[in-house]
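Everything on this sheet refers to the single structure shown next.
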Amino acid sequence: MSVALITGSAGLIGSEAVKFFAAKGLSVVGIDNNMRKTFFGDSACTQWNLAALQRQVPNYMHFDCDIRNQNALEKIFKHYGHAISVIIHAAAQPSHDWAATEPHTDFTVNANGTLNLLEYTRLHCPKAPFIFLSTNKVYGDAPNHLPLQEQTTRWEIAFSHPYFGFGIDENLSIDQCKHSLFGVSKAAADLMVQEYGRYFGLKTACFRGGCLTGPAHSGTKLHGFLSYLMRCAITHQPYTIYGYKGKQVRDNIHSYDLVNALWHFYQAPKVASVYNIGGGPENHCSVLEAIQLCQDISGEEIQWDYANDNRIGDHIWWVSDVRKFKADFPQWDYQYDLRKTLTEICVATQATKAQYEFA
């Protein structure tokens, strides 16, 4: 029996990974205690997604466990032991703004929780690849110091810059810049994942994601950009743009494409790998452009307003350079473009419209 152990298993990436790896024939052990509801309120509750997994995936075993709880976590690792063939760590506190309200919770979930998982992997299943869902926020606001040019609906990097046409690669420094407390806690986890690879020889990978999205996302005001924006369109709730004239650029990757990348790494793992992963040059848009896309697809007008202050540590322009991952795994490629992704989100949101309540 080969077991995929997946944290944050009822969330966007975790649930996609549960379905993907189960379909490949692995038994799946999921760890998720619905802290997203604690972070962001009832509209972010993931119980609906967990219930769907338990109905649809027969080889799924769920544990309502906090990754900060060392005793409970180690019992799971001890029970499954060397049967665990891969760990996908997707559990996190994911918001800039929320992190500043409870720094201890943010750091212990993101950093200490990751350390717990790494250590139990080393002790109980050291041959299993450890795949960490990191974030582009480990780079802090360093991307904001790139030569950016303001255009009608977006910021764009200067044509003469090496990042033009490809995006930001893994050589950008994560040091000496403002990250937000969330960015720091994720950077600490990211470095620890790398260190367990280099120091102990574990097969680890940090996937530094841009905007991860898809129809299973319980998007909220503080996290889940495209999902929340589409929900605002369909439920006629107001949307607020924070800073940068709404011209800040994000690249967006569908959860299926990301999890497919994780699968490719699992098939041929490496030690202490780091990859920027996102929608890349093919799938990026500004907030203003995303509003127009959501309106076109949903047929609904979005009521939005503007706040001058940007979120601390927020990026003005982010596009992921995925060439390093493609070079290592040339058989991987995107299955979803931005419009296809948003259409899926629209259909899913319309189907579950009644469950969403806004404060």
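Computed per residue of the chain from DSSP H runs no shorter than four, each worth -39500 (n - 2.57), the mean residue ellipticity at 222 nm is -11500 deg cm²/dmol. Each peptide in 119-131, 59-71 was scored by the mean count of other Cβ atoms within 10 Å over its residues; highest first, the order is 119-131, 59-71.
Among DSSP bridges having both ends in region 1-156, what percentage is antiparallel? Round to the nearest 5. So the antiparallel bridges in region 1-156 amount to around 10 percent. Structural descriptor for the chain: relative contact order 19 percent, calculated from alpha carbon pairs under 8 angstrom and at least 6 residues apart.
The phi torsions of region 225-237, fed into the Karplus equation with coefficients 6.51, -1.76 and 1.60 and a -60° offset, translate into couplings of 3, 5, 4, 5, 5, 5, 5, 4, 4, 6, 9, 6, 8 Hz, rounded to whole numbers, with Gly and Pro shown as x. Springs join every pair of Cα atoms under 10 Å in this Gaussian network model of the chain, and among Tyr196, Tyr163, Tyr275 the largest mean-square fluctuation is at Tyr163. Take every DSSP beta bridge whose two residues both sit in the chain; close to 15 percent of them are antiparallel. A simple count of charges around Ala72, restricted to other residues whose Cβ falls under 12 Å of its Cβ and scoring Lys, Arg +1 and Asp, Glu -1, yields 0. At a temperature of 25 °C and a viscosity of 0.890 mPa s, determine how fast region 1-117 diffuses translationally according to Stokes-Einstein, using the Kirkwood radius over alpha-carbon pairs as Rh; express D in µm²/s, rounded to the nearest whole number. The calculation lands on 170 µm²/s. Of all DSSP-defined beta bridges confined to region 234-359, some 40% are antiparallel rather than parallel.
Annotation: amide H-H contacts under 5 Å for Ile277 (H modelled 1.01 Å from N, sequence separation of 5 or more, or interchain): Arg208, Gly209, Gly210.
How much net charge surrounds Val29 when only the other residues with a Cβ under 13 Å from the Cβ of Val29 are counted, with Lys and Arg +1 and Asp and Glu -1? Neighbourhood net charge equals 0. When only the Cβ of Lys, Arg, Asp and Glu is charged (+1, +1, -1, -1), the dipole of the chain relative to its Cα centre reaches about 920 debye.
Diffusion coefficient of the chain by Stokes-Einstein, Kirkwood radius over Cα pairs, 25 °C, 0.890 mPa s: 120 µm²/s. Peptides 50-57, 329-336, 84-91, 102-109 ordered by packing proxy, namely the average of other Cβ atoms within 10 Å per residue, highest first: 84-91, 102-109, 50-57, 329-336. Please give me the summed charge of the neighbours of Ala99: other residues whose Cβ is under 12 Å from its Cβ, Lys and Arg +1, Asp and Glu -1. After counting each charged neighbour, the total is 0.
Rule-based calculations on the coordinates, nothing more; no lab input. Being a predicted model, the structure only gives us computed values, none of them experimental. Counting neighbours? That spans all protein chains shown, and the Cβs are built from the backbone with ideal geometry, glycine included.
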